[in-house]
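Novice: Pasting a structure here, questions to come.
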Amino acid sequence: MKNQRTLNLKYILPVCLIGILLCVDLSIAKDPPLEESLKIKHFQFITHLYSREQYFRTITECERYISYYPGDALCEELSYLIGMSYFKSGRYSEAVNSLNNFILTLYSEGRFADDAQMTVAKSYLNKKEYDVASHELRKYLDDFPGGKSAEEAHLLYIESTLEEKRWMEANQHINEYLKKYENSTYKDVLLEVKELNIDSALKFKDKNPRVASVLSALLPGSGQLYCGRKGDALLSFMLTGALIYQTIYSWDRDSRLATAIWGNFALAFYFGGIYGARNAALNYKTDKETRHLNNLRKNYPIMLSLNFNQVDKKSMMVALSINYRF
């Protein structure tokens, strides 16, 4: 009996030991290493900060993560998130620098290069640096012709050229856009804008400042009328005429003091009218183009420009975590 118990113990003890070892192995396999666990928590904290629009803290934590784990797979995503945080917080210059340095240089072939280039262009649009924005949008279209934001880039490029008052170039790009996106919801609007641009380009001719000055010298107000400023022309004619009449009337009455006073006023308005007509001629084309642009902004919105810096946070979080398995 005693021998049988000893025999049973010989078999039971190894089996129990093997079971304990298996349990330990399974528990180790189930729980990630400490460093990986810290990475996961840190990343979750960063995405939480971004979703709560705490962009400055997001930037700080992203930079801290990158400094702790410089070769980690998430460095690309977090570098992109730094640039987007700058962009979303309205710090467009920092956004451009960050995205250019981290994404377009270090990760030029990465999956965020498309969005980064587009965000750089939008940053310049928000800064109203339309010439640079046009260059960046053209660069996007050249580098990512089939990108997910290609249509938006085309429309923003049109808008940017309109803001620069480059009417015929805008029309050329409208033709290019409509050829590529025949069923676009913006088709009718763009066709109207195109016709207005052609009409405006023919009408917006420079006025000769010398002609305007000579006309105003011969007849007060005629220089302003030459520049299309009917109200200014009528006002200049009536005021200058009234002052000249008052000067002559005072002269006829032998009132030297009144003649001197009214005469000085008349001369001031006379030469002021000549100077005003010259300026009206110099600014004629600019004023007309500004009115045309304001009309386009008001009545023909080709893009919801005020909303193009809004990014879907949920989509961003999905994009950031796509390669990270929790």
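Novice: What single numbered condition from (1) surrounded by 20 or more Cβ atoms within 10 Å (Cβ to Cβ); (2) among the polar types (S, T, N, Q); (3) under 21 Å from Glu159 (Cβ atoms) fails to hold for Ser98?
Specialist: Ser98 satisfies every listed condition except (3).
Novice: Continuing with this model, one more query. Within the stretch 201-247, count every residue that is outside any loop (DSSP other than H, G, I, E, B), touching a Phe, Trp or Tyr at 6+ places or on another chain (Cβ under 6 Å) and buried (at least 18 other Cβ atoms within 10 Å of the Cβ).
Specialist: Residues meeting the conditions: 6.
Novice: Would you pick out the residues in the stretch 120-168 that are small (Gly, Ala, Ser), closer than 24 Å to Asn97 by Cα and outside any helix (DSSP H, G or I)?
Specialist: Hits for the stretch 120-168 are Gly147, Ser149.
Novice: Now, a different point. Just checking, how many residues over the stretch 152-166 are in contact with a helix residue (DSSP H, G or I) (Cβ under 8 Å, 6 or more places away or on another chain), over 23 Å from Ile82 (Cα atoms) and free of Cβ contacts under 8 Å to residues at least 60 places away in the same chain?
Specialist: Residues in the stretch 152-166 being in contact with a helix residue (DSSP H, G or I) (Cβ under 8 Å, 6 or more places away or on another chain), over 23 Å from Ile82 (Cα atoms) and free of Cβ contacts under 8 Å to residues at least 60 places away in the same chain: 5 in total.
Novice: For the stretch 103-121, indicate whether the set of residues that are at pLDDT 90 or above and farther than 28 Å from Asp72 by Cβ is non-empty.
Specialist: Scanning the stretch 103-121 turns up at least one residue that is at pLDDT 90 or above and farther than 28 Å from Asp72 by Cβ.
Novice: Tell me which of these Arg57 doesn't satisfy, since it passes every other one: (1) out of contact with any helix residue (DSSP H, G or I) (no Cβ under 8 Å at 6 or more places or on another chain); (2) over 26 Å from Lys128 (Cα atoms); (3) in a helix (DSSP H, G or I).
Specialist: (1)
Novice: Looking at (1) of a type in the set (Asp, Glu); (2) in a helix (DSSP H, G or I); (3) without any contact (Cβ under 8 Å) to a residue 12 or more places away in the chain, can you tell me which one Glu176 breaks?
Specialist: (3)
Novice: Another question about this same structure. I'm trying to understand the selection: among the residues of the stretch 123-147, which are within 19 Å of His173 (Cα to Cα), crowded, with 23+ Cβ neighbours inside 10 Å and out of contact with any Leu (no Cβ under 6 Å at 6 or more places or on another chain)?
Specialist: Selection gives Leu125, Ser134, Glu136, Tyr140.
Novice: While we're on this one: Can you name every residue in the stretch 114-139 that is more than 8 Å from the chain's Cα centre (by Cα) and closer than 20 Å to Lys165 by Cα?
Specialist: Residues satisfying the conditions are Glu129, Tyr130, Asp131, Val132, Ser134, His135, Glu136, Leu137, Arg138.
Novice: While we're looking at this one, here's another question. Write out, first by first residue and then by second, each pair whose Cβ atoms fall under 6 Å of each other, whose residues are 6+ apart or on separate chains, and whose first residue, in the stretch 39-61, is in contact (Cβ under 8 Å) with a residue 12 or more places away in the chain and under 15 Å from Glu77 (Cα atoms) while the second is outside any helix (DSSP H, G or I) and of a type in the set (A, V, I, L, M).
Specialist: none
Novice: Return the residues of the stretch 217-247 that are more than 21 Å from Thr286 (Cα to Cα) and either of a type outside the set (A, V, I, L, M, F, W, C) or in contact with a strand residue (DSSP E or B) (Cβ under 8 Å, 6 or more places away or on another chain) (or both); say none if nothing qualifies.
Specialist: Pro220, Ser236, Thr240, Gly241, Tyr245, Gln246, Thr247 - these are the residues of the stretch 217-247 that are more than 21 Å from Thr286 (Cα to Cα) and either of a type outside the set (A, V, I, L, M, F, W, C) or in contact with a strand residue (DSSP E or B) (Cβ under 8 Å, 6 or more places away or on another chain) (or both).
Novice: Within the stretch 104-145, can you find the residues that are touching a residue at least 24 places away in the same chain (Cβ under 8 Å), among the acidic types (Asp, Glu) and over 15 Å from Tyr86 (Cβ atoms)?
Specialist: Asp114, Asp131, Asp143
The values are calculated or read from the model by the stated rules, or taken from the named source; none is laboratory data. Since this is a predicted model, take the numbers as computed values, not measurements. Please note: Cβ atoms are built from the backbone with ideal geometry, for glycine as well, and neighbour counts cover all protein chains shown.
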